[in-house]
Every structure is written in C-alpha cells, then in structure tokens.
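Visitor: I have a structure here, written as structure tokens, and I will follow up with some questions on it.
The values are calculated or read from the model by the stated rules, or taken from the named source; none is laboratory data. Computed from a predicted structure; not experimentally measured. Neighbour counts run over all protein chains shown; Cβ positions are idealised from the backbone, glycine included.
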Amino acid sequence: METLYILLALFLLLNLGAGMGRVFRGPTAADRMAAAQLFGTTAVAMLLLLAEASGQGALRDVALVFALLAAVAAVAFVRRAWSESEGNHGDD
Amino acid sequence: MAAIPEGPRWATVAARSVPFAGVWWALAEGAPASWWVGVPAVVLAALASAALMPPVPIVWRELPGFVPFFLKRSVLGGLDVARRALHRRLPIAPAIIDYRFRLPPGLARVMLANTISLLPGTLGAGMEGDLLKVHVLDGRHDTAGEIAKVEAAIARVFGMTL
Amino acid sequence: MGMIDYLAALLLLTGAVFYLAGTAGLLRFPDVYTRLHALTKADNVGLGMVVAGLMLQAGSWSVAAKLLLTWWLVMLAGAAVAQLVATGALRRGVKPWRR
C-alpha cells in the first residue's frame with residue numbers, strides 16, 4: 001500500500017505541474033487564482049497520502065493548514081489584490 | 001469585541017460545544033492528555049461563536065436526508081464535468097442565467113449559492129436583489145428546475161416553506 | 001492485501017482520475033468560469049475519493065474523523081472561493097465564453 005500512496009502523491013505532483021501552465025498563461029488574474037486553488041486541493045491530497053505512507057501523522061495537520069491558507073489567500077486576492085479593470089485585457 | 005445584547009445565550013453555547021468538542025477530538029487524533037487544553041478551547045470557541053453568530057434555526061432531523069442528497073449530486077457534478085473536460089470535442093455550451101430566489105434573504109440564500117457550485121453544471125456567480133446569477137456549463141439542460149430542487153432541500157433544512 | 005485494501009486502492013485511483021480531469025478542464029476549457037466549474041467539482045470529488053480511501057486505512061476513528069473534517073473544510077472553502085472568483089470576474093467585465 002505504501003508504494004501506491006507514494007506513486008499517487010507523485011502523480012498528483014505531476015498533475016499540479018501541468019496546472020502551472022494555467023498560472024503562466026492566465027490570461028486573467030482570475031485564471032491564475034483558479035490555478036492557485038488547484039495547488040491548495042492537490043497539496044492537501046498529497047500531504048494526506050504522504051502522512052499515511054510515512055506514518056508521520058503530523059503531515060495531516062499540515063494538510064489542514066494548507067486547506068485553510070488556500071481559502072484565506074483566495075479571499076485576500078478577491079478582496080484586496082484584484083484590480084478593478086480586468087475587463088480591458090481580460091478577453092482571450 | 002462587539003457588545004453582546006443579552007449576554008451569552010447559554011443554550012447556544014452548550015449546543016455548540018458538542019460539535020466543537022468533536023472537532024477537537026479529531027484534531028488531536030483522540031489523544032486523552034490533549035483535553036487539558038481541549039476543554040478550555042472548546043468552551044472559548046463556543047462562547048465566541050455564540051457571540052458572533054446568532055442561533056441558526058436548523059432542523060436537525062432533516063440533515064440525514066440532506067447529506068446523501070447533496071453527496072449524490074456533487075459526485076454527479078464531478079462526473080459530468082470530468083467527462084466534458086476529458087472529451088475530445090469538449091461538449092459545453094455555457095450560458096449565464098438569472099434564478100429568482102424563493103428563499104428569504106440570509107444564510108439560506110448563501111448556502112444555496114455556494115452549494116450549487118459543487119452540483120452538476122452550475123456555478124454561483126453573484127447575487128443581485130432577489131436574483132442569483134448562475135453560470136451554467138450547458139445551457140441546453142433544465143438548470144432552473146435542478147436549482148429549484150436544491151433550494152427546496154435547503155428550505156427543509158432551515159425549516160422554511162417556500 | 002485484503003478486501004478492504006483493494007477497495008481503498010480503487011477509491012484512491014478513482015480520486016486521482018478526478019484530479020486529472022480537473023487539471024484537464026483547467027487547461028482545456030475556454031474561460032475562467034468554465035475552468036472554475038472543472039476545478040471546483042472535479043477536485044472536490046477527487047479529494048473525497050482520496051479521503052474515503054485513506055479512511056478505510058486509518059488506524060483509529062479520530063484519524064478518520066480528521067480526514068473527513070479536512071475534506072469538509074476544503075469543500076466549503078472551494079465552493080465559496082469559486083463563487084467569489086466568478087462573481088468578481090463577472091463584475092469586472094470578464095466576458096463568459098459562448099459557443
């Protein structure tokens with residue numbers, strides 16, 4: 001089972017790497033934020049798998065913190081960092 | 001801290017301590033010694049929660065019905081979007097629709113707007129007055145009928161009649 | 001490996017497929033709204049499957065509860081954030097793609 005956990009964590013990491021493409025391409029800030037959201041959900045799953053594979057229960061706490069931080073980061077982005085003029089360069 | 005109108009509502013504090021204790025038990029992975037910190041933490045959390053959020057009139061016996069209703073639909077939502085995303089020709093026909101709330105303003109509306117984002121083909125995209133803006137993946141489906149079903153289920157959880 | 005192990009492995013692999021679909025949607029869908037659909041719904045089910053698989057392997061009830069709690073939090077946050085980003089994009093004039 002441990003091997004499966006590690007392989008799946010690796011697969012999720014590759015998946016995350018592919019998602020990076022969206023961060024670079026955008027085109028809108030919202031697209032980049034959506035990709036950052038992917039980082040949150042993927043990191044949580046990876047950490048939970050690694051916690052089980054390594055017997056390090058503390059990694060589950062790290063997963064929980066990641067879940068919270070991803071949400072806080074997204075809210076901070078929408079409320080503070082997002083410029084109001086997205087539409088001007090927002091279309092493809 | 002904001003003034004609490006009529007002091008802490010003790011029934012609310014007591015009722016909310018139960019789920020908070022459950023959360024603590026899970027967070028500490030059941031370690032018995034952790035309750036030395038856990039009990040004060042749970043009591044403080046319940047006090048803060050009662051001060052910040054008034055009691056919500058949830059009909060608890062409706063929850064066992066709502067959870068499977070929601071889980072089934074969110075799995076269907078995942079399957080539907082996964083099929084479209086992996087399909088060679090990307091079968092989508094997006095549209096924005098306005099859905100008129102039957103729920104009264106407040107928490108129930110927020111819950112509906114958030115819930116539909118996990119259900120097949122719908123994404124909450126803002127509230128304006130009594131209208132909920134919904135981005136739908138495929139405008140050819142009867143989305144409004146689906147949302148109405150979810151709305152009715154949420155109304156039952158909040159003990160409302162539409 | 002016993003029955004439970006096979007079931008757990010099946011759930012974990014299914015979860016991974018949903019993650020793959022979420023990323024496929026993120027890369028292939030034409031605008032931010034459709035990408036949010038893919039990401040929110042597919043990753044939510046993906047994490048749900050991974051959590052369900054790991055719960056079968058969890059040594060104690062409290063660990064299983066913690067896994068469930070983590071999923072619930074991610075789900076709650078994911079749904080709220082998707083709505084928030086979609087609302088913000090619409091308000092800022094990001095046009096939805098149409099066929």
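Visitor: When only residues in the range B:76-91 that are facing chain C (nearest Cβ under 8 Å) and of a type outside the set (D, E, K, R) count, which is surrounded by the most Cβ atoms within 10 Å (Cβ to Cβ)?
Guide: Checked the range B:76-91; the qualifying residue surrounded by the most Cβ atoms within 10 Å (Cβ to Cβ) is B:81.
Visitor: Another one. Identify the single condition in (1) at the interface with chain A (Cβ under 10 Å from one of its Cβ atoms); (2) aliphatic (A, V, I, L, M); (3) surrounded by 17 or more Cβ atoms within 10 Å (Cβ to Cβ) that residue C:65 does not satisfy, given that it satisfies every other one.
Guide: (1)
Visitor: In the range C:37-60, which residues are facing another protein chain (nearest Cβ under 7 Å), surrounded by fewer than 22 Cβ atoms within 10 Å (Cβ to Cβ) and without any contact (Cβ under 8 Å) to a residue 40 or more places away in the chain?
Guide: C:60
Visitor: Conditions: (1) surrounded by fewer than 17 Cβ atoms within 10 Å (Cβ to Cβ); (2) under 17 Å from the mean Cα position of the chain (by Cα); (3) free of Cβ contacts under 8 Å to residues at least 12 places away in the same chain. Residue A:31 meets all but one. Number of the miss?
Guide: It fails just one condition, (1).
Visitor: Only residues that are at the interface with chain A (Cβ under 7 Å from one of its Cβ atoms) and modelled with pLDDT of 90 or more: list them for the range C:80-94, please.
Guide: To start, the set of residues in the range C:80-94 that are at the interface with chain A (Cβ under 7 Å from one of its Cβ atoms) comprises C:81, C:84-85, C:88-89, C:92-94.
Across the range C:80-94, the qualifying residues are C:81, C:84, C:85, C:88, C:89.
Visitor: While we're here: Restricting attention to the range B:142-162, and to residues there that are touching a helix residue (DSSP H, G or I) at 6+ places or on another chain (Cβ under 6 Å) and assigned to a loop (DSSP other than H, G, I, E, B), which single residue is farthest from residue B:109 (Cα to Cα)?
Guide: Here the answer is B:162.
Visitor: Any residue at all in the range B:61-75 that's in contact with a Pro (Cβ under 8 Å, 6 or more places away or on another chain), part of a helix (DSSP H, G or I) and surrounded by 11 or more Cβ atoms within 10 Å (Cβ to Cβ)?
Guide: For the range B:61-75, residues in contact with a Pro (Cβ under 8 Å, 6 or more places away or on another chain), part of a helix (DSSP H, G or I) and surrounded by 11 or more Cβ atoms within 10 Å (Cβ to Cβ): present.
Visitor: Now, a different point. Determine, yes or no, whether residue C:23 is within 29 Å of residue B:109 (Cβ to Cβ), assigned to a helix (DSSP H, G or I) and more than 8 Å from chain B (Cβ to nearest Cβ).
Guide: no
Visitor: So, in the range C:61-89, how many residues would count as being in contact (Cβ under 8 Å) with a residue 40 or more places away in the chain and more than 20 Å from the chain's Cα centre (by Cα)?
Guide: Looking only at that region, the number is 1.
Visitor: Go through the residues of the range B:97-114 one by one and say whether even a single one is aromatic (Phe, Trp, Tyr) and surrounded by 13 or more Cβ atoms within 10 Å (Cβ to Cβ). I'd like the intermediate steps shown before the answer.
Guide: Quick first cut of the range B:97-114, residues aromatic (Phe, Trp, Tyr) only: B:99, B:101.
With surrounded by 13 or more Cβ atoms within 10 Å (Cβ to Cβ) added as a condition, the list becomes B:99, B:101.
Yes - at least one qualifying residue is present in the range B:97-114.
Visitor: Does residue C:91 qualify as being charged (D, E, K, R) and surrounded by 19 or more Cβ atoms within 10 Å (Cβ to Cβ)?
Guide: no
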